[in-house]
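The structure under discussion appears below in the form of structure tokens.
The values are calculated or read from the model by the stated rules, or taken from the named source; none is laboratory data. Note that the coordinates shown come from a computational prediction; the quantities given were computed from them, not determined experimentally. All Cβ positions, even for glycine, are placed from backbone atoms using ideal geometry, and neighbour counts span all protein chains on display. Accessible surface is based on the protein model in full, side chains and every heavy atom, while ligands, DNA and RNA are left aside. Shrake-Rupley method; radii C 1.70, N 1.55, O 1.52, S 1.80 Å.
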Amino acid sequence: MAKIIVFTDIHIRAEGQRIIGLDPAARFAQGLAHAARLHPDAACAVLMGDLADTGVRAEYEILRRILADAPWPVIPMMGNHDNREVFRQVFPEAPRDPNGFVQAVRDLEGVRLITLDTLDPSTEPHHGGRLCSKRLDWLKAALAQAQGQGCLVFLHHPPFDTGFAGMDRIGLHNAAELRDLLASGPVTHVFAGHIHRTITATVDGLPMTVFKSPCHQMPMMLGAEGSGHSVPEPGAYGILTTRGPNVVVHFEDFTLPETEVGQSAV
Ligand SMILES: [Fe+2]
């Protein structure tokens, strides 16, 4: 069995700068400390993109300082708010593929984690994601070399329409192409961020999960246009437990006050 911690949409801002009144760096530090205290046994943590809010060096430096307290290896990923070049300057040791994309494979007990890089600043409208042929070829090889292990695939932009119209417009441009490729491999679950809301789905037979942010969240405004709607609902991270290719997905709202555990009939 392996345990994996998942954070997405951290959106670090420079010292003192807030998002709808929330301090993203303080929120992430709080979430990381919470996960470190309760899950020191995790094998690794995946950070699923939008690590920084504007992609400037100062934001990645703050992130790096906070991550110094992480008790597990960390697998970082790119989101639409990130700047790949600046990120690589501050995190030169971060795994990348032979083409320089922030993509990686990590094999745990009986399961392969595949983390993808959907950042493409050339997409229209801006903030959409795309996996170019180089990245898809790399994924194809990672799936082909899984050697009987189940694969968990992580990417920032969900590869399906969520119903949040404004966010779907800046979704993954070649989602159908990706889903075709995923269907050809031993993929047991797909994980994404970007929306800032907890969502689960089955798309073309593939189970998928979207995680909330540790900071600001998307309000329940299905069909709404625009991509900036944000509310200060509780911050969260995810906990995955795996047994071979099977995975169980948990969601932890770490900003809720801790209360005494009572007993009741369930
Ligand atoms: Fe985000």
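Rolling a 1.4 Å probe across the protein heavy atoms gives the stretch 110-249 an accessible surface of 38 Å² per residue. A Förster radius of 30 Å combined with the Cβ-Cβ distance from Phe251 to Ala68 puts the calculated FRET efficiency at roughly 0.70. Carbon-plus-sulfur accessible fraction, the stretch 127-258 (probe radius 1.4 Å, protein heavy atoms only): 51%.
Is the stretch 2-253 best put as rounded, prolate or oblate by its Cα gyration tensor, with a ≥ b ≥ c the root eigenvalues, rounded for a/c under 1.5, and otherwise prolate when a/b is larger than b/c, oblate when not? It comes out rounded by the Cα gyration axes. Candidates Gly226, His189, Ala141 compared by Cα position along the dipole of the stretch 2-253: farthest toward the positive end lies Ala141, with charges placed on Cβ.
Give the residue from Gln263, Val111, Pro98 lying farthest towards the positive end of the charge dipole for the chain; charges sit on Cβ (+1 for Lys and Arg, -1 for Asp and Glu) and the dipole is referred to the Cα centre. Highest projection toward the positive end goes to Pro98. Put a plus charge on the Cβ of each Lys and Arg, a minus charge on the Cβ of each Asp and Glu, and nothing anywhere else: the dipole of the chain about its Cα centre is then about 380 debye. Residues of the stretch 113-137 falling in the label zone of Arg88, defined by backbone nitrogen less than 19 Å from a point 7 Å along Cα to beta-carbon, are 115-123, 130-137. Per residue, the stretch 9-97 exposes 41 Å² of solvent-accessible protein surface, assessed with a 1.4 angstrom probe and all protein chains in place. Computed over protein heavy atoms with a 1.4 Å probe, the carbon and sulfur contribution to the accessible area of the stretch 5-58 reaches 53%. Listed by chain and number, the lysines whose alpha-carbon sits under 21 Å from that of Lys212, ignoring those within fewer than 8 places in the same chain, are Lys3.
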